[in-house]
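Accompanying notes for the structure given below.
The values are calculated or read from the model by the stated rules, or taken from the named source; none is laboratory data. The structure displayed is predicted, hence computed values, not measured ones. Note that we place each Cβ from the backbone using ideal geometry, even for glycine, and neighbour counts take in every protein chain shown.
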Amino acid sequence: MKSISGLAKVSLAQSTRAMLAGGMATPSPLAARLAGSARRASTQGEQATVTVRDAINQGLAEEMDANDKVFVMGEEVGQYQGAYKVTRGLLDRFGPQRVIDSPITEMGFTGLCVGAAMAGLTPVCEFMTFNFAMQAIDQIVNSAAKSHYMSGGVLSANIVFRGPNGFASGVAAQHSQDYAPWYGSIPGLKVVSPYSAEDAKGLIKAAIRDPNPVVMLENELMYGESFAVGEDFHSSDFVVPIGKAKVEIPGTDVTLISHSYQLRHCFAAAKILKEQYNISAEVLNLRSIKPLDVPAIVESIKKTNRAVVVESAFPGFGLGSEICAQVSESEAWDYLDAPISRVTGAEVPTPYYKELEDMSFPNADVVVRAARQVLYHEDA
Amino acid sequence: MVSMSEDSPTTQGHARLHKTSPAESKSTQLAKPTSTSMFAQRYGGFALRARHFSKCAIRRSMLQASHQATNPGLEKDDRDFTGQLNVIDPESIPKIKTYRLLDLEGNLLDPDYKVPFTREEATKIYRDMVTISIMDQIMYDAQRQGRLSFYMVSAGEEGISVGSAAALKPDDQIFCQYREQGVLLHRGATLKELMSQLYANADDPARGRMMPVHYQNARINVHPISSPLTSQLPHAAGAAYALKMSGTPAISMCYFGDGAASEGDFHGALNIAATRNCPVVFFCRNNGYAISTPTEEQFRGDGIASRGAGYGIPAIRVDGNDLFAVHRVTAMAREMAVKEQRPVLIEAMSYRVSHHSTSDDSFAYRSRTEVENWKRHDNPISRMRKWMEKQQWWSDEDEMSARHELRKDILREFSAAEKVKLPEIKHVFTDVWAAAPAILKEQQEELKEFLGRHKEEYNLDKYENGINGL
């Protein structure tokens, strides 16, 4: 069995290689996106498709219908219908008392929402991006997350903080950060990160209904993506449970663990692994960052004996690090045939220039290489 | 010095601020920004131009979602423009005067003012101030003896807390900073409740998780004190928004210090409360110091009250050692906030007689003489006492027996609270989330097993129910 330090070393080396390989040898993930899985999805037979944007919108509207304590607040959520149009139509439907345009003050509107939550309302606090939530992180961490505990259970903060997270496209270092590790480390918070339309609708509804403060990390690059949805999607009871991961593609040889936008690279990688290397990859969509569905990770690793974690956050102290630690403390450790590999964003503030930005984040080929490495392919 | 034109709206506005000072006016009037609709509706006496009314209409109609830019230059009327190159020099703006009703000798200055308290009410107010001052001394010493980790006294500011609390209603939601023990006491918190918090014992509603003086009391609508400086201001705006949505005719009352007003949350809270029309009273205790930073190092403008106009928030400065003035101003601000559904800003001037907290030695940055001089100069308790004595409502004998009795009561609750066991150990793990996830249950089991295994090393008698409380 390998030592802990040995594992860490291998993992770090892995992420560095992943970063370098990402830039040198592969097409950009953005180019892949522009080629249009949305169109592909929307032309899949007769099946109805829904965009992530509309899925969140539908979830918000249903919960606002069901509970008049729910209100939406943020910059440009009303008149302008949301910076990314997620709140489209809500102002007309629910009025300005419940769809509230805020002045440009994250401290002000986040604090107001937290205060309103502590007074019994259910705010949905929209950040134009989670990068801006840095201005108000004290209200999220010190006030919302801790109020239930510090008040002896007297206060609760049934509040949802939501907005786009992670890098987007050419918005440079201060607008390109993945906050999953930040909020995922705070006791008292729950953190969800949807990928598909079903994830998005089911998780926003679960987040609003959950009595705890919930951070919902969305992704700008996913809002316009369309997904096929099941029949039950349009039910007002369609809820995705917080804390449960989803096996998106079952497999037997290696587990690709990811969330949100990075899952796209996992799906593409799984396809390449199957077609070019006859490797059966299992793709696990975490859906929730906190609580993390460790049992699902353990179960999958017990089946495949190998795992790659794919995320866009920085390598240090991240989701991948946490999963490595959790696995090493679990029974899955004994089932591992190779150290877990982390594919992460590069350890640099995100560059602005497109080619450099592309080099800074995972793509399918990096994931393929990492998967082949944990399978000890010598040419990987 | 930059000259200012006669017709500058700014000079007009500040001339009015000046005009409402107590020396020239017998009734309090909150200094109001000129272009707010509520002001025009309520007082109506100022010659606002028609365009201002149209602005007001626009502001009102924002709730009907008809957004229109109102910046000068976007409208056809060009009267907002001038050929004169005027820079507003803050030095040229008259300082906001401090509203006072009771002088240092206990005489009421305004013959038309009708004291709103019965003898019984006045006595309770006075006794509450005295209670707090005695309790502060006892608890300060107790901290010095190592019996609790931390304490903050409110010496010199008892008039602010008790006077303002006396103007509030039971439904009002209270957000304190940390120097407002008088608010809790006056609203009906018992000494036992205060002591339970200070000792973080099993009777503490926070289950022993807060630092001392971070009180909460749901029964009297006092929210748990939020320790990160100024974070309570936007919270108060949010609670006010909740009152607004439910149609409750009550306010959020939010206390903070002159130092807190330098934090970004202050700006965020006042701006959003003003733009979202939240019924909240922002009550600043300007006591001259933020820990060691004197106000002259804290800001350059005319205190905190002057900032109200910039946010479109009516504001007033009041003598914080004058219980009657504090009460009257708070009552008026409360009524305005409820009726007009908008925030109001109060700046109460006082002096922090004590150290900032038990972690501070203020003689490192101010002289003992300064403090002693102030104590001789003015004190809210002695000013009220002088007035009470003039009414024949209080005597030296009353004073002696009240102090004796209060001290006895406080010491009794002090000793009792110190003897109460600490909360059950399981509360390390409860209330993190609404329902405990597996990891918390695992930690709890692990701790129980560990403590059970090392009984002789860990004496759990001081925790309620010992090991069984886990």
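Tabulated values for the structure
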read-out: Check on residue B:184, closer than 19 Å to residue B:227 by Cβ, modelled with pLDDT under 95 and assigned by TED's automatic domain parsing to the domain that holds residue B:255; value: no
read-out: Hey, residue A:188 within 14 Å of another protein chain (Cβ to nearest Cβ), in contact (Cβ under 8 Å) with a residue 24 or more places away in the chain and under 20 Å from residue A:246 (Cβ atoms) or not; value: no
read-out: The one condition in (1) in contact with a Ser or Thr (Cβ under 7 Å, 6 or more places away or on another chain); (2) modelled with pLDDT under 95 that residue A:242 fails to fulfil; value: (2)
read-out: Matching residues, segment A:105-152, being of a type in the set (A, V, I, L, M, F, W, C), assigned to a loop (DSSP other than H, G, I, E, B) and within 9 Å of chain B (Cβ to nearest Cβ); value: A:119, A:121
read-out: Whichever residue in segment B:295-310 is in contact with a helix residue (DSSP H, G or I) (Cβ under 9 Å, 6 or more places away or on another chain) and surrounded by fewer than 20 Cβ atoms within 10 Å (Cβ to Cβ) and, among such residues, is nearest to residue B:281 (Cα to Cα); value: B:310
read-out: When residues of segment A:70-104 are limited to those that are crowded, with 22+ Cβ neighbours inside 10 Å and in contact with a Lys or Arg (Cβ under 6 Å, 6 or more places away or on another chain), the one nearest to the other protein chains (Cβ to nearest Cβ); value: A:71
read-out: Tally, over segment A:172-184, of residues that are surrounded by fewer than 22 Cβ atoms within 10 Å (Cβ to Cβ), farther than 14 Å from residue A:312 by Cβ and either within 14 Å of chain B (Cβ to nearest Cβ) or not polar (S, T, N, Q) (or both); value: 1
read-out: Condition check for residue A:67: away from chain B (no Cβ under 11 Å), at pLDDT 95 or above and in contact with a Phe, Trp or Tyr (Cβ under 9 Å, 6 or more places away or on another chain); value: no
read-out: Top-ranked residue of segment A:203-248 - restricted to ones that are among the charged types (D, E, K, R) and in a loop (DSSP other than H, G, I, E, B), ranked as nearest to residue A:110 (Cα to Cα); value: A:210
read-out: In segment B:350-381, the residues that are over 27 Å from residue B:211 (Cα atoms) and hydrophobic (A, V, I, L, M, F, W, C); value: B:371, B:374, B:381
read-out: Residue list for segment B:313-346, filter: over 21 Å from residue B:108 (Cα atoms) and of a type in the set (D, E, K, R); value: B:334, B:335, B:339, B:340, B:342
read-out: Flag if residue A:187 is surrounded by 24 or more Cβ atoms within 10 Å (Cβ to Cβ), modelled with pLDDT of 95 or more and closer than 23 Å to residue A:320 by Cβ; value: no
read-out: Residues that are away from chain A (no Cβ under 12 Å) and in contact with a Ser or Thr (Cβ under 7 Å, 6 or more places away or on another chain), drawn from segment B:175-227; value: B:179, B:180, B:181, B:182, B:183, B:185, B:212
read-out: Per-region count, segment B:273-298, residues in contact with a Phe, Trp or Tyr (Cβ under 6 Å, 6 or more places away or on another chain) and part of a helix (DSSP H, G or I); value: 1
read-out: Selected residue (criterion: farthest from residue B:160 (Cα to Cα)) from residues of segment B:250-273 that are in contact with a helix residue (DSSP H, G or I) (Cβ under 7 Å, 6 or more places away or on another chain), among the aliphatic types (A, V, I, L, M) and more than 9 Å from chain A (Cβ to nearest Cβ); value: B:250
read-out: Residue, farthest from the other protein chains (Cβ to nearest Cβ), within segment B:228-249, restricted to residues that are among the small types (Gly, Ala, Ser) and more than 14 Å from the chain's Cα centre (by Cα); value: B:247
read-out: Among the residues listed as B:292, B:246, B:262, B:226, the single one being in the same structural domain as residue B:362 (by TED's automatic domain parsing), among the hydroxyl-bearing types (Ser, Thr, Tyr) and crowded, with 24+ Cβ neighbours inside 10 Å; value: B:226
read-out: Strands (runs of 3 or more DSSP E) contained in segment A:266-380 and holding at least 2 residues closer than 16 Å to residue A:255 by Cβ; value: A:281-285, A:307-310, A:341-343
read-out: Members of segment A:247-270 found to be of a type in the set (D, E, K, R) and without any contact (Cβ under 8 Å) to a residue 60 or more places away in the chain, listed by number; value: A:248
